[in-house]
Amino acid sequence: MAYTVDQSSITPPSRQIVEAILDGVAVGSLAPGDKLLSVRGLAAEALVNPNTAARAYRELELMGVVEGRNGRGVFVTDGGPAVARGIRVAATIEAYERAAAEALRAGHAAAALHAVLNRIGQHTKESTS
């Protein structure tokens, strides 16, 4: 799994790393028991300070997605996938609701928004079949 940070983003680099790892765990790219990169390895790959990588791992550990094992590294927890999916679902639903409310305030018809969602859903079904 590759980690990149968009330095021009308003989202802090540590948060971008957290979200990338949450996505990987949520979709199964990172499974329970998988070992993550070392702090230094993650920092080198993401081109960030090691303190930034350590901050991301601490946040993920507080969420229960990963656990540090003294002298052995950082690993995805058994409950990590369920936690990651729950966090990502909540975040994406919140973002969707904000975007839909903004579109309605801008004058888009609800039916037009439903049509867009249906088109996206249909495209997703076709690409996974």
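With respect to Asp23, is the statement that it is within 12 Å of the chain's Cα centre (by Cα), closer than 22 Å to Ala82 by Cα and surrounded by fewer than 17 Cβ atoms within 10 Å (Cβ to Cβ) true?
yes
List every residue pair whose Cβ atoms sit under 6 Å apart, with the two residues 6 or more apart in sequence or on different chains, where the first one lies in segment 20-40 and is under 14 Å from Ala56 (Cβ atoms) and outside any helix (DSSP H, G or I) and the second, anywhere, is modelled with pLDDT of 95 or more and aliphatic (A, V, I, L, M).
What qualifies is Leu30/Val76; Leu36/Val74.
Output the residue which, of all residues in segment 44-72 that are of a type in the set (Gly, Ala, Ser) and assigned to a loop (DSSP other than H, G, I, E, B), is nearest to the chain's Cα centre (by Cα).
Gly64
(1) out of contact with any Pro (no Cβ under 6 Å at 6 or more places or on another chain); (2) surrounded by fewer than 17 Cβ atoms within 10 Å (Cβ to Cβ); (3) over 23 Å from Thr92 (Cα atoms): which one isn't true of Glu61, the others all being true?
(3)
Restricting the search to segment 70-97, which residues are among the aromatic types (Phe, Trp, Tyr) and either surrounded by 12 or more Cβ atoms within 10 Å (Cβ to Cβ) or farther than 30 Å from Leu113 by Cα (or both)?
Scanning segment 70-97 gives a single hit, Phe75.
Among the residues of segment 74-111, write down those that are over 16 Å from Glu19 (Cα atoms) and either part of a helix (DSSP H, G or I) or touching a residue at least 60 places away in the same chain (Cβ under 8 Å) (or both).
Tyr96, Glu97, Arg98, Ala99, Ala100, Ala101, Glu102, Ala103, Leu104, Arg105, Ala110, Ala111
Looking at Gly107, Gly121, which one is on the phi > 0 side of the Ramachandran plot and of a type outside the set (A, V, I, L, M, F, W, C)?
Gly107
For segment 35-57, give me each residue that is in contact with a Gly (Cβ under 9 Å, 6 or more places away or on another chain), of a type outside the set (Gly, Ala, Ser) and surrounded by 14 or more Cβ atoms within 10 Å (Cβ to Cβ).
Leu36, Leu37, Tyr57
The values are calculated or read from the model by the stated rules, or taken from the named source; none is laboratory data. As the structure is a computational prediction, the values presented were derived from the model and not from experiment. Methodologically, a virtual Cβ is constructed for each residue, glycine included, from the backbone with ideal geometry; neighbour enumeration extends over all protein chains shown.
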